[in-house]
Structure formats: C-alpha cells, structure tokens
Amino acid sequence: MSHQGASLLSKLASGDKHGEASPYFDGWKAYDNNPYHPTHNPQGVIQMGLAENQLCSDLIKDWIKENPHASICTAEGVDSFSDIAVFQDYHGLKLFRQAIAAFMERARGGRASFEAERVVMSGGATGANETLMFCLADPGDAFLVPTPYYAAFDRDLRWRTGIRIIPVDCKSSNNFQVTKHALESKYLTAQETGIKIKGLILANPSNPLGTTLHREALETIVNFINDKQIHLVCDEIYAATVFTEPGFISVAEIIQNMDHVNRDLIHIVYSLSKDMGLPGFRVGVIYSYNDVVVSCARRMSSFGLVSSQTQSFLAAMLSDHRFVDNFLIEVSKRVAKRHRMFTGGLKEMGITCLRSNAGLFVLMDLRQMLRDQTFESEMALWQVIIDKVKINVSPGSSFHCSEPGWFRVCFANMDEDTLQTGIERIKDFVLGDRANKNNNNCNCLCNNKKENKKRKSFQKNLKLSFSSMMYDEHARSPKLMSPHSPLLRA
C-alpha cells in the first residue's frame, strides 16, 4: 500500500501488528495454494497445522438424524422458526446457557459446577479471549503468558486491544512446565521497567504442548495471582480431549477448596470448537467469577453473538445427557487412537515427541536434525518440510518456544488414510536419502553392514538430508509469505 493510501486509513488497518506475519500462518498459505487431495491433487501439501477435531462428526450426524426436531430448518422443527428467528437479546437463549453450563460440568468429570448466569456468549474462543482483554486491561497493560503458547494469541489478544504479552520462558528439561520462580522473575522485571502486569494467561490443556497442569501447579499459580492481585485467564478449550493420565483439572475445581482466593480474579475461556469439533459454529464462552466482568462482557457480546438458530440446536443436543456422556467417552478414545497411530509411526523412524496426554497434536522433536541449535536453522528446516516433504507443520518459534527444533503436528483434522500418507512421506524422504548415502559410501566402506543400528542411522541420515536441502533453501533466504490466512479457521 502506498504511503498516501495508508494515510487514509486507521493505524490499525495500515499497521503490521495483526500478528499474522508468522510461519504459523504462512504454512496455511502454502496449504491453501496447493491443498492435498488423494485423487485430485495427490502431490499437494497435507494440512497438519490445523488443530481441528474431525474424529466424532459421525456421532453428531447420527444424533441429528434421530432428532430432526432440533433444527428449525426441518419439517419436524419448523414450528419453532418464528420464535427463534425474531430478535434475541445478547444474554442468549436461557436453555442454551443452561446446556453449556451443564456440558462444561460433564466435560470436567462433574468435579466442578458452573452457573448458567455466568455464561457469556462470544464468536468462538478468539472473540472470548479478546473480550476478556477489553474487560481486564487498558492499552499498554501486560499479561504474563508461559511459553510455548498458542501462536494466534499475538493476534487475538493484542491486535485490537493494545495490550502486551510478556512471555515466560519454559524449558523442555521439565516438560515446559511453568514454575513459580519463572513467574516471579518476569513479574519483578516488568515492575522494574514500569510495565503494569494485569494478569496471567494459561492454556490448560496446553496448545501446543498437549499437556495438562497438575493440581499442585495450579494451586501455586492461583496463589501467585492472588498474592499479586492480578487476573488469571484459563483457556480450557481442549478440556475433553484428554486421553490418558494424568487427567484434566479445571481451575474451577481448584478454587472450590481455596477459600482465601479472590474469585473476582478468575476467568475461564471455553468453546465447542475443539472438544466437539464444531469450529464453524463459532461458539465461544466466557465464564467469569467477577460480576462486573460478566456484565461488561455480556454487553460486548453484541459484537460477536452466536446465532439463535445455532443456540437452539445446540441447546437440544447438549441437553441430551446420554448423547453427551457417550460423546465425551468416544472423543477420548478416538484421540488416543490417533495419537498412538501418529507417534507410533514416528517412533519407528526414531523421531520422538514431547510426552503428552491431551490435545489434537503433538510437539515433535527434531532438534537433532538442525544444522545448529538456532532458530535460523529451525526456519530453514521448516521451509524444507513445507516445500519438499509437502506437509504443513508449525515451527516452535511461531509459538515463542525458547528452544529451536520443536514442531507442532496435528493429527485429528484428517482421515486415517491421509494421516498415513503424511507418515509415509516423512519415511520415504528419509529412507530414500539413506539409500543414496549408503550407495555413496559403498566405494570406500564396502565392508560395512547394511542398516547398522536402524534408528541411529535414520536420525543421522535425516539430519544430512534435511541439512543438504536447507542450505539450498537458506541460500535463497526464505521469506515469510504474505499473511493472508483465514482468521476464523486458525
């Protein structure tokens, strides 16, 4: 855009603080330009950068067939059309809020209770997070966020609100778990530099780690924010994706037994995008223990309401407790199966992942494949994976990971055949390079045994293969593609 054109627009529109100048979004662009299809485009890019749950849509479709009255767009449900199609205030349908509160309880094993009057609607978790920022902070104020954290937080939390994110670095040596020492250190440093810390933001279960916080850690965090009298925002949108021990513990469960805590500081973000696989419905939820925040957020929700038709349909489905209970069991089982399938395939090739127990993704460890332990090498390796292997994965640097060489890979947004194709692409790429390397070595090492220690040989060859290509890529200084990725799907 020309300087004159930019001057006609707001700073928000003409600025670059949208947070999308990131390889996280650039990978989306690569996929959008050349999407994989098993028959129409078998050489296309496989989308493994989208944390979407497509594993249980059959259960929802079956329920719809058995309950046609739930939709006002069917002959069985059309009698309710006029009641739903007319104006509804921004409180939302009462039955919908009651159903959401009950679902949140069931998704947390019934160990925490939720009041329908504290449920505030929003256009997905994206809108819920931003609305909370508007309610809790002024431009220039800051929130502590442990790393690695969801890549789009930089856009969702900061772009329009003007708040700041202060990353709290976490290390792989303790599974990237946040510590009180790290929180205290960042808080003190911010104070010394005149930055006003208004709160702490956590994703539990974590995106991109796929891990949950244990009870002691949550109690420490709640005590920390209570001592500092700052807010705690818990993003719990992956609550029902936990597939193995340790289980998920909500902050709502924790504060039930902490009478000394100022509950006005506690806020939860939830949605149906991940647990139920309904991101297109744009159902986000703010659940705050602060009456003023509930009131303000409800007024703001008029800018991003959930349609009455969607509310009516979901109220009926979520009120079917037998369906909900079976759905939650199946989600856990099916996510576990996919996780085993993908990590098992990687393990056969000598690739490990961060140990995880939740989420729709894994954090894949490719540190040994880097030319050196720098983020420049990570970006070069990522470019090769996109261009040569034709798989869209997200580099750890896009999540502000403190260590290079980690990549988030999603496994639940495709069918099993496509996932297997993705695994085979990595395998073919690696083993093909190993064969070439063995042939080259035969002239001088003809007495070597074939496939000496398969796993170690694999890792060495993968490193050489990626390195040879990434120097090629590095020579042309890969640039970030124009950030025009979809806002809603991310």
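The values are calculated or read from the model by the stated rules, or taken from the named source; none is laboratory data. None of these values were measured; they are calculated from a predicted model. Note that each Cβ is placed from the backbone with ideal geometry, even for glycine, and that neighbours are counted across all protein chains shown. What goes into the accessible areas is simple: the full protein's heavy atoms, side chains included, and nothing from ligands, DNA or RNA. Shrake-Rupley method; radii C 1.70, N 1.55, O 1.52, S 1.80 Å.
Our compactness index for region 286-444, the C-alpha radius of gyration over the empirical 2.2 N^0.38 Å, is 1.46.
Within the set LYS186/LYS347; LYS171/LYS337; LYS333/LYS388, which residue pairs have Cα atoms separated by over 30 Å? Mind dumping the intermediate values first?
Details: LYS186/LYS347 37 Å; LYS171/LYS337 28 Å; LYS333/LYS388 33 Å.
Pairs exceeding the cut-off: LYS186/LYS347; LYS333/LYS388.
For the full complex of protein chains and a 1.4 angstrom probe, list GLU416, GLU378 by accessible area with the highest value first.
Details: GLU416 75, GLU378 0 Å².
Reading off the accessible areas and sorting them downward yields GLU416, GLU378.
Within the shell defined by Cβ-Cβ distances under 10 Å, the residues around GLU253 carry a net charge of +3, with Lys and Arg each +1 and Asp and Glu each -1. The largest accessible area among GLU184, GLU245 belongs to the first residue in GLU245, GLU184, and the rest follow in falling order (1.4 Å probe, all chains). Using a simple spin-label model with pseudo-atoms 7 Å out from Cα toward Cβ, ASP32 and THR244 lie 3.6 nm apart.
As an exercise, identify the trypsin sites (Lys or Arg not before Pro) in region 135-174 lying in DSSP coil whose Cβ has no more than 11 other Cβ atoms within 10 Å. Passing sites in region 135-174 do not exist. If R0 is 22 Å, the Cβ-Cβ spacing of GLU76 and ARG106 corresponds to a FRET efficiency of close to 0.25.
Taking square-rooted eigenvalues a ≥ b ≥ c of the alpha carbon gyration tensor, is the chain rounded, prolate or oblate, where a/c under 1.5 means rounded and, failing that, a/b exceeding b/c means prolate? Mind showing how you got there, number by number?
On the way: a/c = 1.70, a/b = 1.43, b/c = 1.19.
Prolate is the answer for the chain, as a/c is 1.5 or above and a/b outweighs b/c.
The relative contact order of region 300-437 comes to 20 percent, based on Cα pairs under 8 Å that sit 6 or more residues apart.
To the nearest ten degrees, helix 215-228 and the longest principal axis of the Cα atoms of the chain are 60 degrees apart.
Ignoring aspartates and glutamates fewer than eight residues from LYS17 along the same chain, the ones with Cα atoms less than 13 angstrom from its Cα are ASP154, ASP156.
Taking 22 Å as R0, compute the FRET efficiency from the Cβ-Cβ separation of HIS321 and THR418 and round it to 0.05. List each step's numbers first, then the result.
Numbers: r = 34 Å, r/R0 = 1.53.
E(calc), rounded to 0.05, equals 0.05.
Paramagnetic label reach from ILE60 (point 7 Å along Cα→Cβ; backbone nitrogen cut-off under 15 Å): within region 264-282, residues 271-282. Going by alpha carbons, how many degrees (0 to 90, nearest 10) lie between the helix axis of 308-318 and the longest principal axis of the chain? On a 0 to 90 degree scale, this one is about 80. Straight-line reach from LYS61: which aspartates and glutamates fall under 20 Å, measuring Cα to Cα and dropping same-chain residues less than 8 apart? LYS61 reaches GLU52, GLU76, ASP275, ASP320, ASP325, GLU330, ASP415, GLU416.
Taking the Cβ of SER271 as the centre, find all other residues whose Cβ is under 10 Å away and add up their charges (Lys, Arg: +1; Asp, Glu: -1).
Numbers: positive: LYS274, ARG282; negative: ASP235, GLU236, ASP275.
Value of the local net charge: -1.
Region 1-72 and region 339-403 have Cα centres separated by 21 Å.
How large is the accessible surface per residue of the chain, computed with a 1.4 Å probe and reported in Å² as a whole number?
Working: 22240 Å² over 490 residues.
Counting only protein heavy atoms, the per-residue value for the chain is 45 Å².
3J(HN,Hα) couplings calculated from phi for region 90-105 with the Karplus curve 6.51 cos²θ - 1.76 cosθ + 1.60 (θ = phi - 60°) are, in sequence order, 7, 6, x, 5, 4, 4, 5, 5, 5, 5, 5, 4, 5, 5, 4, 5 Hz; Gly and Pro show x.
Helix 416-441 axis versus longest C-alpha principal axis of the chain: approximately 20°, rounded to the nearest ten. For LYS427, the aspartates and glutamates whose Cα comes closer than 13 Å to its Cα, not counting residues fewer than 8 places off in the same chain, are GLU348. Pairwise Cα distances in region 190-322 exceed 23 Å in 43 percent of cases. For region 176-253 versus region 109-162, the spacing of their alpha-carbon centroids is 13 Å. From largest to smallest, the equivalent ellipsoid semi-axes obtained for region 120-270 from the alpha-carbon gyration tensor read 21, 18, 16 Å.
Counting only protein heavy atoms and a 1.4 Å probe, tell me what percentage of the chain's accessible area is made up of carbon and sulfur.
Carbon with sulfur: 50 percent of the solvent-accessible area.
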